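Just so it is clear, none of the values below were taken in a lab; they were calculated from the coordinates. This is a predicted model, so every value here is computed, not measured. A quick note on method: Cβ atoms are made from the backbone with ideal geometry, for glycine too, and the neighbour counts reach across all protein chains shown.
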Amino acid sequence: MIDLENDLLQTGSLYFPVAVCLSFSVVLYMAGTSTYKRGLERARMKVSTFKVEVMRGIGNSTLARFS
């Protein structure tokens, strides 16, 4: 009985850090992907607003040139 408990404790102490590392990496991965997606959306919004500003600037300059 004591021997069995010792074995369980040893294997538990062996697997415990591995389980902690796995769960931690999963949490980090999920947080990283969510921030990555948010960053992508933010960059896409910046690019689209930049395009709108560029088109508006081109339109204004051509209007000023032709008027």
Say R0 is 35 Å: what FRET efficiency, to the nearest 0.05, do Phe66 and Leu40 get from their beta-carbon distance? 0.35
Net charge near Val47 (other residues with Cβ under 11 Å of its Cβ; Lys, Arg +1; Asp, Glu -1) is +2
